[in-house]
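In what follows, a structure is listed as structure tokens, so that the remarks can point back to it.
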There are 2 protein chains.
Amino acid sequence: MFKILRVNMSDLSVNVEDIPEHYQGLGGRGLTSAIVAREVPPTCSAIGPNNKLVFAPGLLGATACANSGRISVGGKSPLTGTIKESNSGGQAGQYLARLGIAAIVVEGLPEEGKLYKLFVGKDKYELSPADDLKGLGNYDTVDRLKGQFGEKVGYVSIGQAGEWKMAGASVAFTDREIRPTRHAGRGGMGAVMGSKGLKAIIIDPEGGELAPIKDKEAFKEASKRFTNALKEHPVTSQGLTNYGTDILINIINEAGGLPTRNFSSGRFEGAEKVAGETLNQITQERKGVVSHGCMSGCIIRCSGIYLDQQGNYLTKWPEYETVWAWGPNCGIDDLDAIARIDRACDDYGLDTIEIGNSIAVAMEAGIKEFGDAAGAEELLAEIGKGTPLGRILGSGAAIVGKTFGVRRVPVVKSQALPAYDPRAIKGIGVTYATSTMGADHTAGYAVATNIMKVGGDVDPLKTEGQVELSRSLQIATAVIDTLGLCLFVAFPVMDMPDAFNAIVDMVNAKYGLSMTADDVTALGQKILKMERDFNTRAGFNQADDRLPEFFMTEKLPPHNEVFDIKEEELDSLFNF
Amino acid sequence: MFKILRVNMSDLSVNVEDIPEHYQGLGGRGLTSAIVAREVPPTCSAIGPNNKLVFAPGLLGATACANSGRISVGGKSPLTGTIKESNSGGQAGQYLARLGIAAIVVEGLPEEGKLYKLFVGKDKYELSPADDLKGLGNYDTVDRLKGQFGEKVGYVSIGQAGEWKMAGASVAFTDREIRPTRHAGRGGMGAVMGSKGLKAIIIDPEGGELAPIKDKEAFKEASKRFTNALKEHPVTSQGLTNYGTDILINIINEAGGLPTRNFSSGRFEGAEKVAGETLNQITQERKGVVSHGCMSGCIIRCSGIYLDQQGNYLTKWPEYETVWAWGPNCGIDDLDAIARIDRACDDYGLDTIEIGNSIAVAMEAGIKEFGDAAGAEELLAEIGKGTPLGRILGSGAAIVGKTFGVRRVPVVKSQALPAYDPRAIKGIGVTYATSTMGADHTAGYAVATNIMKVGGDVDPLKTEGQVELSRSLQIATAVIDTLGLCLFVAFPVMDMPDAFNAIVDMVNAKYGLSMTADDVTALGQKILKMERDFNTRAGFNQADDRLPEFFMTEKLPPHNEVFDIKEEELDSLFNF
């Protein structure tokens, strides 16, 4: 029943095809990576005709399973040059799965300067001109499209950054309120979409249906166990729900691993002012929304609605990594400024992590002072205007470092580091160094075990056990991303054996399989190896699996630690 | 007798040491590469404390051998991330060798923002503040230093581009007229010098002497044979001497391999206007100088002095690659504009090849029109001012492509291609793809055999024989660069067996050795393997030994050829 939609931007054709055998049994990241690894020449230009942009809901999409609506976006990354899967919440994943679409594969290139939109409905696929949307941000784009397609659809779009093929450009997905607040942020997938002249996708779920289930009873029972686990675990039922991901500000600051002023300290004196507790308080005072899901079927509800001082909608709750990137890492402690920045990034279509790092490196270069919130907003506006300075900043932290001759540039494979300093939380450093995606905390979130003691306790400051921890998490994450599950299900899964079993049981019940835990591990390993093989063919080797040297030479206060996992240990990560 | 000078910019010490055994028998590129490969961590920041900048005259430096005064500049390249040797004419090579200095190794980093100059005389080495030179171009820098050190010394300096650590920054060397017209251009060695806060080196040869020769008679005899060969071969005695390297404009245009308007055609309609014949004619009309050597001991004299329309000195004869980069490749046919640009690049301290490509890619992005000479000069001025646009352009063509989302970006390992289209001259394409230096014509100048039929005849449009040709030239070039010989000696060497024998005889006579032709080949192979090993440890693999994909997909007029040497063949280049 599930199909692959081939969208050819060169001849503007849209074709439906059965899933060939070599892609069967895969969804989400597993499917996007398999298609990219097989069909994209690894040394091609990421913004050229031979790259492909792949959208895929997960294997548990369009089911009653909680938090199963994530969507994966894959391609060769213009930022890193590696294979890339970036995933997002919002409505698109569930809607695509309900329409029986396993993947949309966007190929080729249209005539230079032309823009198109793709409509995807029940057995109806249409590519049409969208030149009228040229130069619009995501908010305006969605508003304009709403006039034609209404409020009962999901929108996928790019802002100005994607049109300009900036390596920091994201792909935006609308949430339940039809706002473009959910982003596949990392790795410049928005630039790939822009290179293909695809401004927007409209996904109309009408006529769609839940995915067929082979053993409905077994699925229902397993789904219930899974839901209960999410409702029981304190992280997914209390911490995230009340304070959002921003709850981490105080936790990571306390742990001495909150990168401050371009990774020059692990503690920020203004942390309290931008912490989740403050976010909750401001939201309550202004009568915003606390505990809000980013997609249908979410029972964690780690988001919220942030109102400005006048009580008007400004943006969704900025994520922890966003607050960090533009807050502590730029020396800024103004949550309203950060929320405005979050809104602007959503509108231009920018990865908040990458661009926050761009700004911090620019501050290190002396372009603005650390702590200058108005200055940071000015720099962001440069990106929106597409000025030369904006082009530099929108291209990511590595390019900012190169153009301004900065030494402390926190990137791996040209992708900027997220909100956890690898000198104070060494497990995540292993993930940054070795992930097939460049520096990416979601690829193997060792912070959970290093700091929150979920799934065990590995001392964040010691070198022992970090490679094993990162390895097992990277393998497990590849599966979670393949199933279309929100990564936060990992908290109960790591602590409660039955949460994991419930997931396996759901997959087996849905597809009539009898997968074991070992089979699940083997699937994760297969996906990672496929991705790593692409990267090898693209020109990467073990020397690319390294953190920038300053992490090995500059001690991070307050622990005064360096990153000291041995290179041989890093190189053993893929020994499986 | 020969020593290594260690200049530590962290503690501002200068120390002299004997040449350790592992560096003995090496000079020029062989020595810079050996030091970098052994002492520089391959994954370090090229502008960080762990990179080193090495200057080394060749093994035949300070002898009576003709054209033996080249100087090699080595380090890890901020442009490519590979090992780098960039060499130059001028007086420094001979002067250093006369002072008995085999290499200057600049290490560490000084306090941020401080500038220094290094004086090197007979047994006198001094590092002193040079903050008064901050922000000066190379011409002003040299003028200022002349006031203190006079006209009987050689100056090595960086302009604004080097101070700003731009990846397109060169290191300038003064010529016989004490003008900073000779540059180690490629790979951003000027940025490394800038990162080390070293604005200038003053080399005073007074008290220095010719290098000791074990067998003076044999040396003299061999040197004479070598000189005769240079005087006999038509390329080194007529073509280059009368028309400079710019003689190639008409030759390469005729061959259909003159990259025009950012590598979109192989023929330029305005070629005649910028050709060597025109350069000669303008020079004669204005009473400039035809046939001028860039360094003492040169008997080829391929340079000249270019006067402006008022008859005042403007610059030395722009090289063919400079004329090409700013002429045909930007669609410009104005030799006066190109000469002004050459002067400005020498002054700012910029690689004319890299930055000409930056401008062409910027033109492709629509920032200026192809053919707009005044526009090109304006863009160059942006670099001189250090504006954000200037930062982008000064960082090289790859960065211009990334920031402006351009697809046709002619770089290998992030270094821009020189003046020969690899689709029409396939041998040079093999060199671009596989050289340890990134795209570099001087690393294995297959154009000689493909087009000029020197050293044989390998059809430029066929795939057969190109890998073998490039391989043998890359090996031979590594030796020429190690001896400190001007690359143009390769013309007689390739055509006249005795020219090669004369070189071997000189080396043997000088050092009391009995090297054979096989030993020479083995030396070249050893250097290449050492360089390639560094690159592997820095993160490169075979997939980096590729031309950008557009060379494989876009046919080049007029021959309508693509670059079609198979990847397996490219990968066989280092099979020795």
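What to note about this one:
- Test result for residue A:513, under 21 Å from the mean Cα position of the chain (by Cα), part of a loop (DSSP other than H, G, I, E, B) and closer than 19 Å to residue A:58 by Cβ: no
- Of B:395, B:291, B:358, B:303, all but one fail to be modelled with pLDDT under 95 and either hydroxyl-bearing (Ser, Thr, Tyr) or over 18 Å from the mean Cα position of the chain (by Cα) (or both); the exception is B:291.
- Looking across segment A:14-33, the residues that are touching a residue at least 40 places away in the same chain (Cβ under 8 Å) and either part of a strand (DSSP E or B) or outside the structural domain of residue A:162 (by TED's automatic domain parsing) (or both) come down to A:14, A:16.
- Flag for residue A:129 being out of contact with any helix residue (DSSP H, G or I) (no Cβ under 9 Å at 6 or more places or on another chain) and without any contact (Cβ under 8 Å) to a residue 24 or more places away in the chain: yes
- Every condition in (1) surrounded by 22 or more Cβ atoms within 10 Å (Cβ to Cβ); (2) at the interface with another protein chain (Cβ under 10 Å from one of its Cβ atoms); (3) among the acidic types (Asp, Glu) holds for residue B:382 except the one numbered (1).
- Some residue of segment A:544-556 being surrounded by fewer than 22 Cβ atoms within 10 Å (Cβ to Cβ), of a type in the set (Ser, Thr, Tyr), out of contact with any strand residue (DSSP E or B) (no Cβ under 9 Å at 6 or more places or on another chain) and away from chain B (no Cβ under 14 Å): no
Residue-by-condition table, conditions (1) buried (at least 24 other Cβ atoms within 10 Å of the Cβ); (2) charged (D, E, K, R):
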position	(1), (2)
B:322	yes, no
B:330	yes, no
B:334	no, yes
B:345	yes, no
B:355	yes, no
B:366	no, no
B:372	no, yes
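- Test result for residue B:63, over 26 Å from residue B:177 (Cβ atoms), assigned by TED's automatic domain parsing to the domain that holds residue B:176, of a type in the set (S, T, N, Q) and touching a residue at least 12 places away in the same chain (Cβ under 8 Å): no
- Of all residues making up segment B:34-77, the number that are over 17 Å from residue B:211 (Cβ atoms) and assigned to a loop (DSSP other than H, G, I, E, B): 14
- Qualifying residue in segment A:487-506 (condition: closer than 30 Å to residue B:547 by Cβ and either surrounded by fewer than 20 Cβ atoms within 10 Å (Cβ to Cβ) or within 14 Å of chain B (Cβ to nearest Cβ) (or both)): no
- Meets criteria (of a type in the set (A, V, I, L, M), under 24 Å from residue B:204 (Cα atoms) and buried (at least 24 other Cβ atoms within 10 Å of the Cβ)) for residue B:5: no
- Note on segment A:542-562: residues that are part of a loop (DSSP other than H, G, I, E, B) and more than 19 Å from residue A:443 (Cα to Cα) amount to 8.
- Here the condition is being hydrophobic (A, V, I, L, M, F, W, C), surrounded by 15 or more Cβ atoms within 10 Å (Cβ to Cβ) and not in a strand (DSSP E or B); of B:118, B:109, it holds for B:109 alone.
- For segment B:399-413, filtering for residues that are more than 18 Å from residue A:168 (Cβ to Cβ), more than 9 Å from chain A (Cβ to nearest Cβ) and of a type in the set (Val, Ile, Thr) leaves 2.
- Verdict on residue A:88 being touching a Lys or Arg at 6+ places or on another chain (Cβ under 7 Å), within 25 Å of residue A:225 (Cα to Cα) and more than 14 Å from chain B (Cβ to nearest Cβ): yes
- Some residue of segment A:18-25 being buried (at least 16 other Cβ atoms within 10 Å of the Cβ) and either polar (S, T, N, Q) or under 24 Å from residue A:172 (Cα atoms) (or both): no
- Yes/no for residue A:46 being crowded, with 24+ Cβ neighbours inside 10 Å and under 21 Å from the mean Cα position of the chain (by Cα): yes
- Within the option set B:31, B:79, being in contact with a helix residue (DSSP H, G or I) (Cβ under 8 Å, 6 or more places away or on another chain), within 14 Å of another protein chain (Cβ to nearest Cβ), crowded, with 24+ Cβ neighbours inside 10 Å and among the hydrophobic types (A, V, I, L, M, F, W, C) holds for one residue only, B:79.
- Residue under evaluation residue A:164, criteria (1) within 20 Å of the chain's Cα centre (by Cα); (2) under 30 Å from residue A:413 (Cβ atoms), criterion not met: (1)
- Contacts under 9 angstrom Cβ, first residue in segment B:462-476 being crowded, with 20+ Cβ neighbours inside 10 Å, partner among the acidic types (Asp, Glu) and outside any loop (DSSP other than H, G, I, E, B), 6 or more apart: B:466/B:569; B:467/B:569
- Comparison of A:228, A:253 shows that the only residue that is modelled with pLDDT of 95 or more, buried (at least 22 other Cβ atoms within 10 Å of the Cβ), in a helix (DSSP H, G or I) and more than 21 Å from the chain's Cα centre (by Cα) is A:253.
- At least 3 residues being assigned by TED's automatic domain parsing to the domain that holds residue A:177 is the threshold, and among the helices (runs of 4 or more DSSP H) wholly inside segment A:266-372 not one reaches it.
- Qualifying positions in segment A:522-532 - free of Cβ contacts under 8 Å to residues at least 60 places away in the same chain and within 21 Å of residue A:67 (Cα to Cα): A:524
- Output for segment A:283-300, where each listed residue is farther than 14 Å from residue A:485 by Cα, of a type outside the set (Gly, Ala, Ser) and buried (at least 19 other Cβ atoms within 10 Å of the Cβ): A:283, A:292
- From B:374, B:339, B:365, residue being among the aliphatic types (A, V, I, L, M) and touching a strand residue (DSSP E or B) at 6+ places or on another chain (Cβ under 6 Å): B:339
- The residues on offer are A:99, A:60, and the sole one that is within 28 Å of residue A:11 (Cβ to Cβ) and among the hydrophobic types (A, V, I, L, M, F, W, C) is A:99.
- Count - residues of segment B:520-541 that are assigned to a helix (DSSP H, G or I), surrounded by 19 or more Cβ atoms within 10 Å (Cβ to Cβ) and within 14 Å of chain A (Cβ to nearest Cβ): 4
- Residue check, residue A:497 over 30 Å from residue B:533 (Cβ atoms) and at pLDDT below 95: yes
The values are calculated or read from the model by the stated rules, or taken from the named source; none is laboratory data. Note that the structure is predicted; figures quoted are calculated from it, not measured. For neighbour counting, all protein chains shown are included, and Cβ atoms are generated from backbone atoms with ideal geometry for every residue, glycine included.
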